[in-house]
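Here is the structure we will look at.
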Amino acid sequence: MNSFITTTRRKLLVLAGGAAMATAVTLPAFAQEAYPSRPITFVCAFPAGSGADVLVRYFANAIQESSGHTIIVENKPGASGSISAEYVARSDPDGYTVYVHSGFSTAVNYSLWNTPAIDPRSDLMGVAGINEQPFYIVVGVDSEIQSIEQLNAYLLEAGDEATYGVSATSGRLLAAQYLSELGGTPVEVPYRTGMEMVPDVVNLGVDFAVTDPVTAMVQEREGRLRVLATGAGRRLDVAPEVPSLTEFGMDVDQMGVWAAYVPAGTPQDVVDTLAGMFQGVLETDDTQAYLRTMGGVPWIATPAEVDERMAQNVELGAYLVDLAELPKN
Amino acid sequence: MSDFVSNLSLGFSVAFSWQAMAYCFLGVSLGTFIGVLPGIGSLAAIAMLLPLTFGMEPTHALIMLAGIYYGSNYGGSTASILLNLPGTPSSAVTCIEGYPMSQQGRAGVALFMTAIASFVGSICGMLIMAIFSPPIAALAFSFSAPDFFSLMVLGMIAASTLASGSPIKGLAMIGLGLIMGMVGRDLYSGLLRFSYGVDELYEGLPLVAVALGIFGLPEVIKNAGQITGRTVKAKDISFRSMLPTRDDWRRSWGAMGRGTALGSFFGALPGTGGLLASFMSYATERRLSKEPWRFGKGAIEGIAGPEAANNAAVQTAFIPTLTLGIPGDIVMAIMLGALTIHGIQPGVSVINSHPDLFWGLLVSFLFGNMMLLVLNIPLIGLWVRMLSIPYWVLYPFIVAFICIGVYSVNSSVVDLYVLIFFGFLGVVMTTLKFEPAPLVLGLILGPMLEENMRRALTLSRGDYTVFFTRPISGMFMAMAALVLIWTIYGAIKARSVRRDHLREMARNLPDD
């Protein structure tokens, strides 16, 4: 039965192909339909309904609308993104499995495991940038500390009398580098999520905190937190009044980068088609406005630029994990 | 006050639309259906149906999902009473008194009282949500690590000292749950504990898989291969047989009131919820009772209290969820996910920037609970008939739905292995008469308990007195101590009362 179909199809190809068959090179391309011919899966490393999942679904919907192709979002949470990264890296490099995730987190993960499941530099290929979003240094709105200068002075004076909250690995890394540049020695208090940390920042249980952009922006708007500084190397237009630590002579430039990746070995024309889809959505005003509500700025980048950033971040991640003395699993 | 009235009228205008009503009805019917079927909880149902709401208005989506949640709490007790199988974890307590009542031929009364108590609890919970949401949002910000820790200690002591079995076994199960809660990444060091190289356990044991495994699978496994075993007949439950006696009413009102108060309180506190509230209420009724020996043999106040508590907690669980974005329990965690999917960032902004959603949802609770009253009293025969579906038809479906529900949360096969493991563990536990509820409570609270204790001690520089000197924390610790003392006192007293009772009976025996 199977061979019957195959022969028939081959016969048909021969019959109908005629002139096209003359150039043997086109045969594989001819047998294969144009990309994409079936639904594309976006893999999300966070559970359905989480803040990050919303971002992935936003792009899935927008690309589905603009390109007319069906996009499915598959949530594969676990091991802070390691499981989903490995899943994508081991998928067929055909452009039907796309990883939409924080490239910074993927890069840092490489240094957090004794035997990393993948090397993001060689196992993944960049497709398109999405946004850049740093973590922020915040204090409770009732705190006597009103600015980053005052915080710096306070931390130097208080020594290990001071305390600070952190959520997520990115928060730990930013805090570690900030404190090492400053020379402060406050005591670290970890929290599972930014939201879990908010009450202790508000009731001044901790002197300051390093938190994710969404929590920082939303809670500042609600009038509970004051944002003192960004972990990015420059002021961002999403919050132009928030200074960067570089303005105080500290060499801190940690920027979460969201981007789309495919397994290494994906054909270049497929990558380009996908990149075009992302770019088209990213350039719309709606998307740009949406990304700014997440406390970051849109990042328009070519596949090569995404790869380059990944390489830089793997190195930065290794340095920071060492600096923060995070153990490897 | 005028604010309150205008807010409520906004809520009515939203919830009175025919779409909102239709989704509400769909939600509560589905919830009752799922609640009645043992094994499938509201958790799995909501997780499975979440993707279907992506295309809906956020308010409608939330109204429907919430309907499934509180609807399942009505339905959950039906199976508890008739079959001694809790349809949902929080209706496990209802088995203790409900099943004996049904064996005494009073199933109708138990079902009727359950519906009434659920309604009373829900409506009071809803009113409390309407009145207290804005001020509670402000109060919760003064909660710090020691307060959370003490609150959880109180919860655990309360949950383990009440017993449908031995309190030692309850404590052992909480302990086991706490140990299992350690699996996964330690927040402080970042190192993995007890994961034995399985990366899928990085975030700890998957709660949905554990809960569905331990509450859902054992009944199926135990009954596999048995053909009969059903005793339920729909025609047994006539409306006349449902009417409680005057004595039943007298015993139930107070219990409902206390249950509602307990439920409203625990529902509103993050980390606790309906399960704990219903257990607390049961324990309270048993301690307060002048005839504690009636408990376990069909005491109606042991149904009315917990059912009111459970449903009040379900409503007030929305307070921290919608005002602070902090989920009251695991179902609320998924509910928050539903909000974010629809582009609504949880936080105080929900009340302020989406008043139509908050007040519309609130008013939909009123309509939903009225629909549930109709579904669960006049139409109870329908659901009871559903329970007479033979096992060999029902169980494969239940197993399939459980597996789909578990897999859909993380798309992880490892979760299915966890499900099977806990399914068989559940069989062993029920055979040895260990309660599964304290184990799951320990598993949920374990990581929070540990993290908050370490956090409190970090902030206080290792000073343990912080748990007693902070006013909120000290209050919870005092309450925990009271519960302990009360339990010990109650145990001693019950023993002497029972001894007198037995002596009395022995004396009345005719001597040959």
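Brief remarks follow.
- Top-ranked residue in the range B:373-394 [being outside any helix (DSSP H, G or I) and without any contact (Cβ under 8 Å) to a residue 60 or more places away in the chain; ranked as nearest to B:Cys24 (Cα to Cα)]: B:Leu379
- Leading residue by the ranking (surrounded by the most Cβ atoms within 10 Å (Cβ to Cβ)) among those in the range A:201-229 that are basic (Lys, Arg) and within 11 Å of another protein chain (Cβ to nearest Cβ): A:Arg224
- Single residue of the range B:440-490 satisfying the filter (surrounded by fewer than 19 Cβ atoms within 10 Å (Cβ to Cβ) and among the aromatic types (Phe, Trp, Tyr)) that is farthest from B:Leu178 (Cα to Cα): B:Tyr489
- Matching residues in the range B:248-301 - criterion: being within 26 Å of B:Pro320 (Cβ to Cβ) and not in a helix (DSSP H, G or I): B:Leu269, B:Pro270, B:Gly271, B:Thr272, B:Gly273
- Within the range A:74-90, tally of residues that are farther than 13 Å from A:Leu112 by Cβ, more than 7 Å from chain B (Cβ to nearest Cβ) and part of a helix (DSSP H, G or I): 5
- Restricting A:Gly256, A:Gly276, A:Gly265 to residues that are on the phi > 0 side of the Ramachandran plot and out of contact with any Lys or Arg (no Cβ under 6 Å at 6 or more places or on another chain) narrows the list to A:Gly265.
- Here A:Val98 fulfils each of the conditions (1) more than 21 Å from A:Thr302 (Cα to Cα); (2) modelled with pLDDT of 90 or more; (3) buried (at least 21 other Cβ atoms within 10 Å of the Cβ) apart from (1).
- Residue among A:Val257, A:Val262, A:Val252 that alone is within 22 Å of A:Ala34 (Cβ to Cβ), of a type in the set (Val, Ile, Thr), touching a helix residue (DSSP H, G or I) at 6+ places or on another chain (Cβ under 9 Å) and surrounded by 19 or more Cβ atoms within 10 Å (Cβ to Cβ): A:Val262
- Qualifying residue in the range A:257-272 (condition: farther than 19 Å from A:Thr97 by Cα and not charged (D, E, K, R)): yes
- Within the range A:48-73, restricting attention to residues that are more than 7 Å from chain B (Cβ to nearest Cβ) and part of a loop (DSSP other than H, G, I, E, B), the residue that is farthest from B:Tyr407 (Cα to Cα) is A:Gly68.
- In the range A:18-47, residue nearest to the other protein chains (Cβ to nearest Cβ) [restricted to those that are loosely packed, with under 13 Cβ neighbours inside 10 Å and modelled with pLDDT of 80 or more]: A:Pro39
- Selection of first residues in the range B:40-61 that are within 27 Å of B:Thr78 (Cβ to Cβ) and of second residues that are basic (Lys, Arg) and modelled with pLDDT of 75 or more, restricted to Cβ pairs under 8 Å at least 6 apart or on distinct chains, gives an empty result.
- Within the set A:Gln288, A:Gln279, the sole residue that is assigned to a helix (DSSP H, G or I) and under 24 Å from A:Gln312 (Cβ atoms) turns out to be A:Gln279.
- In the range B:92-119, the residues that are in contact (Cβ under 8 Å) with a residue 12 or more places away in the chain form Cβ pairs under 7 Å with partners that are of a type in the set (D, E, K, R) and surrounded by fewer than 22 Cβ atoms within 10 Å (Cβ to Cβ), at six or more places apart or across chains, as follows: B:Pro100/B:Lys297; B:Ala107/B:Asp236; B:Val109/B:Asp248; B:Met113/B:Asp248.
- Residues satisfying the stated conditions in the range A:240-256, i.e. part of a strand (DSSP E or B) and modelled with pLDDT of 90 or more: A:Ser244
- Residues being closer than 21 Å to A:Ser80 by Cα, without any contact (Cβ under 8 Å) to a residue 40 or more places away in the chain and within 14 Å of chain B (Cβ to nearest Cβ) - total across the range A:289-321: 0
- Strands (runs of 3 or more DSSP E) contained entirely in the range A:122-232, each with at least 1 residues that are without any contact (Cβ under 8 Å) to a residue 60 or more places away in the chain and within 22 Å of the chain's Cα centre (by Cα): A:163-167, A:187-191
- With respect to the conditions (1) out of contact with any helix residue (DSSP H, G or I) (no Cβ under 6 Å at 6 or more places or on another chain); (2) at pLDDT 80 or above, B:Arg507 lacks only one, and its number is (2).
The values are calculated or read from the model by the stated rules, or taken from the named source; none is laboratory data. These numbers were taken from a predicted model, which means no experiment stands behind them. Cβ coordinates were reconstructed from backbone atoms using ideal geometry, including for glycine residues, and neighbour counts include every protein chain displayed.
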